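Here's the structure, in structure tokens; my notes come after.
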Amino acid sequence: MVEYLQQYGIIRSKKVAEVMEAIDRGLFVPGGSPPYVDSPMQIGYNATISAPHMHATCLELLKEHLQPGMHALDVGSGTGYLTACFAMMVGPQGRAVGVEHIPELVTSSIENIKKSAVASLLNEGSLSVHVADGRLGWPDLAPYDAIHVGAAAPEIPQPLIEQLKPGGRMVIPVGTVFQDLKVVDKKLDGSVKIRSETSVRYVPLTSRAAQLHNY
């Protein structure tokens, strides 16, 4: 999987390759699913785990903001895969926080992480996953050097902009029918610069009730 993503120029750095090799995606997808195929997968509760190329793209965009000792927030953490990748990159001196509003997914993601290469970081407390509305972020450990949002918002939630550290970066899909992956950079003076990276297709960032409607 990693070689494929390198071959197609999606993984460009040694750091992202090492992390995606170390965190086994096979531990984070539902049983019976082909874990290393480059496509998104249903994980229940009208939620998905993104395709490996999207995870690689986001890690490449955020890698300078996932240095050892930094704080990272993963909104809509789902199976916990990308949260685990963040934890490996920021290390025991940093903080990696996953936020997910489906309690069952939080429970299963913690079990997944316990089987992974970053289980010790979960035990030590530098990696944590919480049941919460991701649109509100996780203010307790703000500000964050890196924020990733794994579902598409109609517009960028203001609490997430506020929780982004000056000098930090957020990657978030924005849009309803048509979506763009937006890169949000907060400058040291607190001003915000936003650009579009690529067109994407994500499930909506919404309330728990709306997500579970018709499930």
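No lab work stands behind these numbers, since they all come straight from the coordinates. Here the structure is a predicted model, which is why all the values come from computation and not from measurement. Methodologically, a virtual Cβ is constructed for each residue, glycine included, from the backbone with ideal geometry; neighbour enumeration extends over all protein chains shown.
So the values come out like this:
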item	result
Selection within the stretch 24-43 - touching a Ser or Thr at 6+ places or on another chain (Cβ under 8 Å) and within 15 Å of residue 78 (Cα to Cα)	27, 28, 29, 40, 41, 42, 43
Matching residues, the stretch 116-147, being closer than 12 Å to residue 101 by Cβ and aliphatic (A, V, I, L, M)	129, 131, 132, 136
Failed item in (1) under 18 Å from the mean Cα position of the chain (by Cα); (2) more than 20 Å from residue 81 (Cα to Cα), with residue 145 passing the rest	(2)
Residue in the stretch 66-81 that is among the β-branched types (Val, Ile, Thr) and without any contact (Cβ under 8 Å) to a residue 24 or more places away in the chain present	no
Single condition residue 135 does not satisfy, out of (1) in contact (Cβ under 8 Å) with a residue 40 or more places away in the chain; (2) of a type in the set (D, E, K, R); (3) closer than 22 Å to residue 24 by Cα	(3)
